[in-house]
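The values are calculated or read from the model by the stated rules, or taken from the named source; none is laboratory data. Note that the structure is predicted; figures quoted are calculated from it, not measured. Note: ideal-geometry Cβ built from the backbone for every residue, glycine included; neighbour counts use all protein chains shown. Surface areas here come from the heavy atoms of the whole protein model, side chains and all, with no ligands, DNA or RNA. Shrake-Rupley method; radii C 1.70, N 1.55, O 1.52, S 1.80 Å.
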Amino acid sequence: MGYELLGSFLIFGFLALFGRVKKRWIVYVILSIAFIQTYFVAFLWGMLLADLLKHKWVQSKIIKVLVLLVGIYLGSAPYTSLMGTMYEPIEVWTKNINEWIQFDIDPRLLARTLGSAMILFALIRSKVLQHVFGWRPFVYLGQISFSLYLIHFTFLNTFSAFLFSKVIHFFNYNLAYAITFLVSMVPLFILSHYYMKYIDQGALKLARKVEKKMTAYKKTQS
């Protein structure tokens with residue numbers, strides 16, 4: 001959650017200082033270089049994508065599809081070493097970049113952040129994809145995604161790890177993994193649903209109440 005909190009401050013600060021500056025693209029470049037070795041660059045690129053919405057310079061369907069496919073490839077890079085896998089070119093190219101500019105960029109971090117940005121770039125420029133992800137199942141998945149993100153790691157390292165340690169004695173690795181995955185998804189989604197309903201949305205409602213009271217208080221003082 002540290003990245004999310006500080007990343008929000010980064011966005012608010014950027015908008016306050018450079019939101020109305022016409023040449024803010026220069027600031028995007030400078031900050032991208034400054035944060036390229038951290039996940040803060042994801043917040044910066046997300047804000048850049050929103051800033052580019054008014055520009056229609058990418059209209060080709062072929063380019064959109066290519067950007068989406070490359071984004072999926074980069075974004076699916078695993079957390080483990082990329083050498084010896086289909087993602088090896090990412091690590092090789094990142095190593096060359098690091099040697100050239102004397103940085104220490106993590107190839108997996110760069111792949112995931114750049115891949116996510118490319119997927120979003122294609123999504124916000126494709127009415128077909130927007131229509132597909134507007135379907136109710138995807139909307140619901142978006143609603144619980146933050147709750148799922150918050151609890152999945154703890155859940156997988158407790159319930160799922162325990163379950164896998166038991167079934168691996170009776171089945172081969174692939175089947176044990178499949179059983180663990182399928183059995184884990186049901187309680188994980190149930191927990192995410194109620195976390196979203198009673199904690200995530202509850203916190204948002206509380207924040208809105210506090211905001212209304214503060215706004216009302218300021219009006220009485222003015």
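Odds and ends about this structure:
- Residue identified as of a type in the set (A, V, I, L, M, F, W, C), touching a residue at least 40 places away in the same chain (Cβ under 8 Å) and in a loop (DSSP other than H, G, I, E, B) among Phe103, Phe146, Phe121: Phe103
- Residues that are loosely packed, with under 12 Cβ neighbours inside 10 Å and of a type in the set (Ser, Thr, Tyr) were ranked within segment 150-179; the one that is nearest to Tyr198 (Cα to Cα) is Thr154.
- The listed residue being farther than 24 Å from Phe146 by Cα and without any contact (Cβ under 8 Å) to a residue 12 or more places away in the chain, out of Lys205, Lys197, Lys166: Lys166
- Some residue of segment 44-61 being at pLDDT 85 or above, open to solvent by less than 70 Å² (accessible area, probe 1.4 Å), part of a loop (DSSP other than H, G, I, E, B) and closer than 30 Å to Lys197 by Cα: no
- Among the residues making up segment 85-120, those that are over 20 Å from Ile72 (Cβ atoms) and either under 17 Å from the mean Cα position of the chain (by Cα) or open to solvent by less than 50 Å² (accessible area, probe 1.4 Å) (or both) are Asn98, Ile105.
- Selection status of Arg112, in contact (Cβ under 8 Å) with a residue 24 or more places away in the chain and not β-branched (Val, Ile, Thr): yes
- Within segment 16-43, tally of residues that are surrounded by 13 or more Cβ atoms within 10 Å (Cβ to Cβ) and within 20 Å of Phe103 (Cβ to Cβ): 13
- Filtered residues of segment 190-208 (kept if open to solvent by 70 Å² or more (accessible area, probe 1.4 Å) and either touching a helix residue (DSSP H, G or I) at 6+ places or on another chain (Cβ under 8 Å) or not in a helix (DSSP H, G or I) (or both)): Leu191, Ile199
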